[in-house]
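The values are calculated or read from the model by the stated rules, or taken from the named source; none is laboratory data. Just so it is clear, the structure is predicted and the values come from calculations on it, not from any experiment. Neighbour counts are summed over all protein chains in view; Cβ atoms, including those assigned to glycine, are modelled from backbone coordinates with ideal geometry.
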Amino acid sequence: MARNSEKAMTTLARWRNSQMEEGKVKERRPYLATECDNLHKAEKWRRQIISEVSRKVAQIQNAGLGEFRVRDLNDEINKLLREKGHWEQRIVELGGPDYKKVGPKMLDSEGKEVPGNRGYKYFGAAKDLPGVRELFEQEPPPPARKTRGEMMKFIDADYYGYRDEDDGVLVPLENEHEKNIVAASVSEWKSKKEAGLLSEEVTKEMEEDDIYAVTQDSESEGEDDESKETEGEEGQPRYVAHVPVPSQKEVEEALLRRKKMELLEKYASEALIQQGNEAKTLMGL
């Protein structure tokens, strides 16, 4: 006698077979595409996969699903896409059209091609997940280097600072700054002098009279002579030299002697030079 479970399974099996014959029970998609030998059914399963992909792509656009749910949906979509590829290959084997060549590219909601890496694609909110955005961010191209001619176009007198004083602002500022520095130095020296921090030699040097200064007494004594010495033609001042300055004739004689010595060293032999020196010695020159 058969058990009750076996009777129930037998009844269920008979009911399922009757429903399939009437077309009321949906047929399950084969796990492997190679198990299908009917071209019409293969195209049916391909369309079914496309509808599932469309539904999941619409779901993954919602960023509020959470990171884990978004990752799971993206994995499921990629799995369905791989399965769709297997069915398309099986359709070609059964003599059907090649959908890989004539089919449209996979596009996102913005109409752009879906980005991916090594066959794995990201959809909707999956593109904004941590670590995913960095994969598709392209570094900006480096700025183009300017040629030497392009750089020289903008180089003028202002670049070298030749016209910095033309605006009349820099010179007064420099003069004022110089006066402030001089006043600060003088006040510092006076304070050190009053405090006795300066040595006697430094104090004497600072208090020495200027040798170039002209006193009023000397001006009164030789007013006529000094006017002749300090003023030249057309009333231009003359500067008195405190070191011996050679005249033009002495300079010409020194240059002539130097030129003679260079010619003797260049063209005369050592014996000839020695004889000339002996002759000068005998003559007392």
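Quick look at the numbers
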{"item": "Conditions (1) within 30 Å of K44 (Cβ to Cβ); (2) at pLDDT below 90; (3) out of contact with any Lys or Arg (no Cβ under 7 Å at 6 or more places or on another chain); number of the one not met by K79", "result": "(2)"}
{"item": "Condition met for K84 (at pLDDT 80 or above, closer than 28 Å to R46 by Cα and of a type outside the set (S, T, N, Q))", "result": "yes"}
{"item": "Unique match (being within 30 Å of F123 (Cα to Cα) and acidic (D, E)) among E174, E150, E165, E139", "result": "E139"}
{"item": "Inter-residue pairs, beta-carbon under 9 Å, first modelled with pLDDT under 90 and polar (S, T, N, Q) and in the stretch 28-50, second in a helix (DSSP H, G or I) and crowded, with 18+ Cβ neighbours inside 10 Å, 6+ apart", "result": "T34/R90"}
{"item": "Members of the stretch 40-76 that are polar (S, T, N, Q) and either exposed (fewer than 13 other Cβ atoms within 10 Å of the Cβ) or not in a helix (DSSP H, G or I) (or both)", "result": "S51, S54, Q61, N62"}
{"item": "Within the stretch 115-149, considering residues that are farther than 30 Å from E67 by Cβ and either among the polar types (S, T, N, Q) or surrounded by 10 or more Cβ atoms within 10 Å (Cβ to Cβ) (or both), the one modelled with the lowest pLDDT", "result": "K146"}
